[in-house]
Amino acid sequence: DQQVKQNSPSLSVQEGRISILNCDYTNSMFDYFLWYKKYPAEGPTFLISISSIKDKNEDGRFTVFLNKSAKHLSLHIVPSQPGDSAVYFCAASGSQGNLIFGKGTKLSVKP
Amino acid sequence: DTEVTQTPKHLVMGMTNKKSLKCEQHMGHRAMYWYKQKAKKPPELMFVYSYEKLSINESVPSRFSPECPNSSLLNLHLHALQPEDSALYLCASSQEAAEYYEQYFGPGTRLTVT
């Protein structure tokens, strides 16, 4: 049973517009969430994280929002750039630091 | 420096071979991880080492044998693998094996078992 879900396998956005990637989780014990970006044939790159005591965390063009009551988080990228095209994974952190990943969303940013 | 290095980048091995994957980090991290990623799937945790001791083994078959010789190095010894073990093997490290610490991943070893 999937504990972290990314229900959109792909997303296409025009350059300069906002990209919104969504993630849902089922385990209310999760307290820390992370977003990773992955290019083909490379390891995931850490983007941004959020702990459950916050509802928003911002780093440059990237903002993560957390809605604990809905068990939902989202990653906003503004403005989107062609170099942002990659697969984005949402992950929850287990108590021993083990990451539980969603299936990923492939973002395509068109020039 | 947030670099995790992995060697080799690519590995092709027969089902009777013995080989090893290597991972190294110099960030002073005390937790290291092995993940396996199949095509179009998310990474799946295999092992967690905390302070050079194995803390999580996610029911991985014994043909995969991890080793942590010191806090900077992590090995994965492979023996008698099956073709379905072909995948990208990712190593990661974090400051501690606990929540609230981001993990940094290496580029992975692409393993093909023939």
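The values are calculated or read from the model by the stated rules, or taken from the named source; none is laboratory data. Note that the structure is predicted; figures quoted are calculated from it, not measured. Heads up, the Cβs are rebuilt from the backbone with ideal geometry, glycines too, and the neighbour counts pull from every protein chain shown. Just the protein is used for accessible areas: all its heavy atoms, side chains included, with ligands, DNA and RNA removed. Shrake-Rupley method; radii C 1.70, N 1.55, O 1.52, S 1.80 Å.
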message: Rounded to the nearest 10 Å², what accessible area does B:Arg110 have for a 1.4 Å probe in the complete protein model?
response: 90 Å²
message: So, for region B:70-114, what is the accessible surface per residue at a probe of 1.4 Å, expressed in square angstrom?
response: 34 Å²
query: Rounded to the nearest 0.05, what FRET efficiency is calculated for B:Glu84 and A:Thr26 with R0 set to 25 Å and r the Cβ-Cβ distance?
result: 0.35
Those chymotrypsin sites (Phe, Trp or Tyr not before Pro) in region B:25-75 that DSSP places in a loop and that have at most 13 other beta carbons within 10 Å: B:Tyr51
- prompt: So for the pair A:Gln2, A:Lys71, with labels modelled 7 Å out along Cα→Cβ, what separation do we get in nm?
  reply: 1.3 nm
query: Too long at a 25 Å Cα-Cα cut-off: which of A:Lys68/B:Lys36; A:Lys110/B:Lys9; A:Lys37/B:Lys22?
result: A:Lys68/B:Lys36; A:Lys110/B:Lys9
field: B:Lys41 paired with A:Glu15, simple spin-label distance in nm, labels 7 Å along Cα-to-beta-carbon
entry: 3.7 nm
- prompt: Once A and B are treated as a pair rather than alone, how much accessible area drops out, both sides summed, in Å² to 100, probe 1.4 Å?
  reply: 1800 Å²
- prompt: Can you list the cysteines of chain B that have no other Cys Cβ under 4.7 Å away?
  reply: B:Cys68
- prompt: If packing is taken as the mean number of other Cβ atoms within 10 Å per residue, what is the order of B:95-108, A:73-86, highest first?
  reply: B:95-108, A:73-86
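For B:34-42, what's the mean count of beta carbons from other chains sitting within 10 Å of each residue's beta carbon?
Values: counts 0, 5, 0, 4, 0, 0, 5, 3, 16.
Neighbouring Cβ atoms belonging to other protein chains average 4 per residue here.
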task: Shielding by partners for A:36-47, please: the mean number of other protein chain Cβ atoms within 10 Å of each residue's Cβ.
output: 5
- prompt: Based on the Cβ-Cβ distance from A:Ser51 to B:Ser20, what FRET efficiency comes out when R0 is 35 Å, to the nearest 0.05?
  reply: 0.45
field: Shielding by partners, peptide A:88-94 (average Cβ within 10 angstrom, other chains)
entry: 3
query: Over chain B, what percent of the accessible surface lies on carbon and sulfur atoms, probe 1.4 Å?
result: 48 percent
task: Anything losing 50 Å² or more of accessible area from the isolated chain to the full protein assembly: pick those residues out of region B:83-110, probe 1.4 Å, ligands and DNA/RNA ignored.
output: B:Glu99, B:Tyr100, B:Glu102, B:Gln103, B:Phe105
- prompt: Ordering B:Met27, B:Met46, A:Met29 from largest to smallest accessible area (1.4 angstrom probe), what's the sequence?
  reply: A:Met29, B:Met27, B:Met46
message: Before I look further, what does chain A give for accessible area per residue, probe 1.4 Å, in whole square angstrom?
response: 48 Å²
